[in-house]
Structure formats: C-alpha cells, structure tokens
Amino acid sequence: MSLKEQIKQNPLPKHIAIIMDGNGRWAKKKGYLRAIGHENGVDALRNIATASAEAGVRYLTVYAFSSENWNRPKTEVTALMALLVSSLRKELKTLTENKIRLNTIGHTDSLPKKCQNELAEVIQKTSDLTHMTLTLALSYGSKEEITDAIKTLAHQVKTGELNPDDITEEHINQNLYTANMPDPDLLIRTSGEYRISNYLLWQIAYSELYFTDKLWPDFGAEDLYEAIWNYQHRERRFGKISEQLNS
Ligand code: FPP
C-alpha cells in the first residue's frame, strides 16, 4: 500500500503548520539567485497545498514572510513582494479547483498596497470554498500577535467590559489572529533547522514537531505523507499517561 493510502487509514492532522525554510540554500547549491529559490518555493507550496487538501487536511498555515524578514536586503524583500502578487494572480485557479479558501495572519497592512489589494481580491473570491483553509502568515510575528491580544484585553479591562479575574485561555485564543481556527496538530520545519522562529508560539503548545533536512523547494507530496505518517504513529498524551489514553 502506498504511503498516501496508508495515511488515509488513520486520523489525519486537522491543522498542519509549516515553516518553509531553505529556499536561499537551495538556490545557492544550484548556483541560482535567491529569488529563483523563492520561485521554486512557490511551486513547492502549490504541491503541498493541493496534496494536503486532497488528503483531507482542513487547515494549512504557512510562514511566508515573518516580521523579521523585513530586515533582509531590500532587493530580496522587493522580489518576494512581487512574487507574492504574481503568485496570487496565477494561483487563484489552483485554489478554486481544489476548493481552498485563502486567509492571512499578520500585519498585512505593512505590505505594499499592491499585495494588499491582490490578497483582498483572492480572499474574497475564495471565501465560500470549504475544503481547506490555506493561511499565509505574512509580516507575522507570534510575540507581536500575543502583544496585540494583550492590548485588546487591557482596553476591555480599562473600559470595565472585562474583569481581570475572569480572563481565561479562551479570551487569549479569541484575540489571536488565529481566532476560530483549531491549534495546529503538526508543525513541520524544513531545511534541518531546529527552531520555532517566533511562529505560532501560543498555538503550538501541544503540537507534534517534525523536522526534516529537505530544503523547502525539494519538499514534495511524499515528504508530506511521511510527516503525516510519523505524526500518526506518535502518542499524543496531552499531559496524561499512556494507560489513561487506552482505557
Ligand atoms: C525561507 O527560505 C523562506 C522564506 C523567507 C519565504 C518563503 C516564501 C515562499 C515559499 C514563497 C511564497 C511566499 C511569498 C511571500 C511569495 P530562506 O530564504 O530563509 O532560505 P535560507 O534559510 O536557505 O536562506
């Protein structure tokens, strides 16, 4: 039985988060410009998004541009923003055909106007699609997200709308950019780096972490199935002991 068929026999992760790392190194290894690495990164993202939707994953959240990525050389930032616009234009068809709804998290208001307009259009055109939600984390930083949530709650306390002693985890959940999304079951990072890099810090409290040496442009459907297979063969105890789970 193929890996693809095998993973369909067991419960799938409902939400997969990915840190797509290694575009630059992939390009360097081949003697290409970094921008070519990012272009191939978009191809990998298309493959993984369609394979995820086809397998039955409901949420895929990918780190496309971090708050810290603004510090990269201006030429690279410009190339990434141009790539974002052209990819959104090209991929609307892929999203529609695979019934994938586009969503974003992060300070997208810091992106160039052209990116904001293109994002708004694709988000609107895919808003009724229900097979899978693809969330692009853009100008995203988790500490920033948590700080924003705290500010909102602090304002509610100030106006008397909320009593500080009544604050629960649910208040925090509902004020994160990911409000109404389940937490990721599985977080994948490519390129042999073992870091979280300010990604979904609150939301991954109980996620299974999967690291692979594959560089993002080389990460294909079979690699995704392998990560899912690995996830399915772990025991998620959520603080309990094995015997409690099996009884
Ligand atoms: C990490 O590789 C990748 C990124 C910072 C961007 C990821 C973007 C895409 C896959 C394209 C889709 C997104 C947009 C915004 C068009 P790296 O450059 O950090 O690689 P390196 O660590 O090898 O240098």
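The values are calculated or read from the model by the stated rules, or taken from the named source; none is laboratory data. Note that the coordinates shown come from a computational prediction; the quantities given were computed from them, not determined experimentally. No Cβ is skipped: glycine too gets one built from the backbone with ideal geometry, and neighbour counts run over all protein chains shown. In case anyone asks, the SASA skips ligands and DNA or RNA and just uses the protein heavy atoms, side chains included. Shrake-Rupley method; radii C 1.70, N 1.55, O 1.52, S 1.80 Å.
Answer yes or no: is there a residue in region 156-167 that is touching a Leu at 6+ places or on another chain (Cβ under 9 Å) and either part of a strand (DSSP E or B) or open to solvent by less than 30 Å² (accessible area, probe 1.4 Å) (or both).
yes
Scan (1) under 26 Å from GLU208 (Cβ atoms); (2) within 21 Å of the chain's Cα centre (by Cα); (3) without any contact (Cβ under 8 Å) to a residue 24 or more places away in the chain for the single condition GLN9 breaks and write down its number.
Condition (2) is where GLN9 drops out.
Restricting attention to region 100-131, which residues are open to solvent by 60 Å² or more (accessible area, probe 1.4 Å), among the charged types (D, E, K, R) and more than 18 Å from the chain's Cα centre (by Cα)?
Residues satisfying the conditions are ASP109, LYS113, LYS114, GLU121, LYS125, ASP128.
Of the numbered conditions (1) open to solvent by 20 Å² or more (accessible area, probe 1.4 Å); (2) more than 16 Å from the ligand (Cβ to nearest atom); (3) in contact (Cβ under 8 Å) with a residue 12 or more places away in the chain; (4) part of a loop (DSSP other than H, G, I, E, B), GLY239 satisfies every one except a single condition; which is it?
Only one criterion is unmet by GLY239, namely (3).
In region 173-219, what residues are open to solvent by 50 Å² or more (accessible area, probe 1.4 Å), in a loop (DSSP other than H, G, I, E, B) and away from the ligand (no atom under 16 Å from the Cβ)?
Result: TYR177, ASN180, ASP183, LEU201, TRP202, ALA205, TYR206.
Among (1) touching a residue at least 24 places away in the same chain (Cβ under 8 Å); (2) over 19 Å from GLN203 (Cα atoms), which single condition is TYR140 missing?
All conditions are met except number (2).
How many residues does region 10-30 hold that are open to solvent by 10 Å² or more (accessible area, probe 1.4 Å) and assigned to a loop (DSSP other than H, G, I, E, B)?
Total meeting the criteria: 6.
Evaluate the following for LYS214: is it of a type in the set (Lys, Arg) and in contact with an Asp or Glu (Cβ under 8 Å, 6 or more places away or on another chain)?
yes
Please pick out the residue among LEU95, LEU60, LEU84 that is buried (at least 19 other Cβ atoms within 10 Å of the Cβ) and within 9 Å of the ligand (Cβ to nearest atom).
None of the others qualify; the one that does is LEU84.
In this structure, does ASN47 turn out to be part of a helix (DSSP H, G or I), more than 8 Å from the ligand (Cβ to nearest atom), open to solvent by 30 Å² or more (accessible area, probe 1.4 Å) and within 30 Å of ARG236 (Cα to Cα)?
Taking the combined requirement at face value, the residue satisfies it.
Of the residues THR152, THR135, which single one is of a type in the set (Ser, Thr, Tyr), open to solvent by less than 70 Å² (accessible area, probe 1.4 Å) and free of Cβ contacts under 8 Å to residues at least 60 places away in the same chain?
Answer to the selection: THR152.
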